Amino acid sequence: MRDLKRANSKLPAYKFLREIGIDFFTPMKSRLVTRNSKRIREEVPCMSSLLFVHDCRTTIDRILDKMPTLQYRFEKGKGYMTPMVVRDSDMERFIHAVRSAENPEYYLPDELAPSMYGKQVRIIGGQLDGYEGRLLSVRGSRTKRILIELPSWLTAAIEVNPEYIQIL
């Protein structure tokens, strides 16, 4: 789904959905802000307009009636106004990987060049045991990061301990 409110709005969609108890996920990042002349760290969405809502269509439609700035994201080339749907297994895998990392980095499909994709690897042990993906290849970086994808939508780079990496 997408939220058309501005990033500095008082009640963005992710706060509204949290208040009414709807299961959703939005990729978050940490940011330093100044409030009452004190610097505090807060979690904000890395892309303010991107939300993944897990509920039935009728419930979501009722929410959309209450909040007109919240809209479905539609798939291109899949027929007329077909809402985008991510498989539960893919979404759970992505959420588990992102929540297991301290500071995930997010990339849109256009931001990753073919030269940034490294070797195909499998993680053996640790919190990401059994995950497969490609290593992120960034020149000069000493940390190893594995790319976890939501196909055609979003990619997260998760830091991995080198001892857990098995090259395929």
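Things worth noting here:
- Complete set of residues in segment 28-59 that are under 16 Å from Arg18 (Cα atoms), in contact with a strand residue (DSSP E or B) (Cβ under 6 Å, 6 or more places away or on another chain) and β-branched (Val, Ile, Thr): Val44, Val53
- In this structure, Ser48 qualifies as in a loop (DSSP other than H, G, I, E, B) and surrounded by 10 or more Cβ atoms within 10 Å (Cβ to Cβ).
- Filtered residue count, segment 23-45, keeping only those that are assigned to a loop (DSSP other than H, G, I, E, B), without any contact (Cβ under 8 Å) to a residue 60 or more places away in the chain and either closer than 17 Å to Asn103 by Cα or not hydroxyl-bearing (Ser, Thr, Tyr) (or both): 3
- Segment 51-68, residues that are loosely packed, with under 15 Cβ neighbours inside 10 Å and either outside any helix (DSSP H, G or I) or outside the structural domain of Ile22 (by TED's automatic domain parsing) (or both): His54, Asp55, Cys56, Pro68
- Just one of (1) in contact with a strand residue (DSSP E or B) (Cβ under 6 Å, 6 or more places away or on another chain); (2) without any contact (Cβ under 8 Å) to a residue 40 or more places away in the chain; (3) under 15 Å from Thr26 (Cα atoms) fails for Arg73. It is (2).
- Cβ pairs under 7 Å, 6+ apart, first in segment 146-165 and farther than 11 Å from Ala101 by Cβ, second among the acidic types (Asp, Glu): Leu150/Asp90; Thr155/Glu149
- Per the listing Lys5, Lys10, the residue uniquely without any contact (Cβ under 8 Å) to a residue 24 or more places away in the chain, over 30 Å from Gly126 (Cα atoms) and part of a loop (DSSP other than H, G, I, E, B) is Lys10.
- Verdict on Ile95 being at pLDDT 90 or above and touching a strand residue (DSSP E or B) at 6+ places or on another chain (Cβ under 8 Å): yes
- The one condition in (1) over 30 Å from Arg31 (Cβ atoms); (2) in contact with a Pro (Cβ under 9 Å, 6 or more places away or on another chain) that Pro114 fails to fulfil: (2)
- Counted as qualifying within segment 80-165 are the strands (runs of 3 or more DSSP E) with 1 or more residues that are of a type in the set (D, E, K, R) and over 26 Å from Glu43 (Cβ atoms), namely 117-123, 132-136.
- For segment 69-79, a residue qualifies if it is more than 19 Å from Ser9 (Cβ to Cβ) and outside any loop (DSSP other than H, G, I, E, B), and exactly one does: Phe74.
The values are calculated or read from the model by the stated rules, or taken from the named source; none is laboratory data. Predicted model only: the values in this text are computed from it and were never measured. Reconstructed Cβ throughout: ideal geometry from the backbone, glycine too, with neighbour counts over all protein chains shown.
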